[in-house]
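The values are calculated or read from the model by the stated rules, or taken from the named source; none is laboratory data. Just so it is clear, the structure is predicted and the values come from calculations on it, not from any experiment. Neighbour counts run over all protein chains shown; Cβ positions are idealised from the backbone, glycine included.
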Amino acid sequence: MMIHVKNREVVVPGQLVAEGDYRYSEGTFREKDKIYSAVVGLADVKGDQIRVIPLQGRYMPHVGDLVVGVVIDSHKSGWILDLNSPYSGNLFVSELVHRKVDLDQEDISQYLGMGDVVLASVKEVSERMRVLLETMDRGMGQIKGGKMVEISPAKVPRVLGRKGSMLKVIEERTGCTLAVGQNGRIIIWGDNPQQVNLAVEAVLMIEREAHTSGLTDRVSLMLEKEKSGGI
């Protein structure tokens, strides 16, 4: 058994990652006793488990994901939302207002219109990739205010950090609140526009340097430096 890459090393499709009886999962494939990378990403080696975390790629919806959608169409009983994905999301009006709605009596355009931004979770994904959304949790629904920044969905785990560590650093250092969608869209709220811009800068820094180690410390240092510089 042999590992041919360092942990967190950037690998490319077809690159030999390991040989032997290792367990392999996402981003890898096996040919005989050799395991190769299937994507551009970070090699992640934990014990006898090997995977490659993608650095690129479109968002693929999964049940339970938090997403930020943009209304692109409507129908009699709800709306179609762009999810920064090959697949759009369907949000029924009853899932937005949390009650039964008489569609013959109510004009649903009073609730959402074209271009409105919605924070939702993925309720169901069918075999044909029909995506149903819901807004059951507190804070979900139409988003008012805030600034939206869009990054590669593959970099979202780095923005969150382990157990939310990176997200906590950004929020504590800037005084802003962030809603991080698994589809790569992030909403940032704050009373101070300069602090909001600083949070945006931190998110974009994470996207650029997602493949590097020690990133949480560098982001924290950058935020402290900018803060002490008068921002």
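Points worth noting:
- Index of the failed condition, L91 passing every other in (1) under 28 Å from I151 (Cβ atoms); (2) free of Cβ contacts under 8 Å to residues at least 40 places away in the same chain; (3) touching a Phe, Trp or Tyr at 6+ places or on another chain (Cβ under 8 Å): (2)
- Of the residues making up segment 52-105, those that are small (G, A, S), under 18 Å from E124 (Cα atoms) and not in a strand (DSSP E or B) are G64, S77, S85, S88, S94.
- Scanning segment 141-176 for residues that are of a type in the set (S, T, N, Q) and part of a helix (DSSP H, G or I), we see that the one that is nearest to E207 (Cα to Cα) is S165.
- Residues in segment 106-118 that are assigned to a loop (DSSP other than H, G, I, E, B) and over 21 Å from M148 (Cα atoms): E106, D107.
- Of the residues making up segment 158-167, those that are surrounded by 14 or more Cβ atoms within 10 Å (Cβ to Cβ) and of a type outside the set (V, I, T) are R158, L160, G161, M166, L167.
- Residue that is nearest to S74 (Cα to Cα), among those in segment 109-147 that are of a type in the set (S, T, Y) and over 19 Å from the mean Cα position of the chain (by Cα): S109
- Residues being surrounded by fewer than 15 Cβ atoms within 10 Å (Cβ to Cβ) and touching a Pro at 6+ places or on another chain (Cβ under 9 Å) - total across segment 112-157: 1
- Restricting segment 21-45 to residues that are in a loop (DSSP other than H, G, I, E, B) and out of contact with any strand residue (DSSP E or B) (no Cβ under 6 Å at 6 or more places or on another chain), the residue that is surrounded by the fewest Cβ atoms within 10 Å (Cβ to Cβ): K32
- Residue in segment 215-225 that is in contact with a Gly (Cβ under 7 Å, 6 or more places away or on another chain), farther than 27 Å from L81 by Cβ and part of a helix (DSSP H, G or I) present: yes
- Matching entry among N192, N183, N197 (being assigned by TED's automatic domain parsing to the domain that holds R158 and touching a Pro at 6+ places or on another chain (Cβ under 8 Å)): N183
- Test: residue in segment 189-210 that is in contact with a Gly (Cβ under 6 Å, 6 or more places away or on another chain) and assigned to a strand (DSSP E or B): yes
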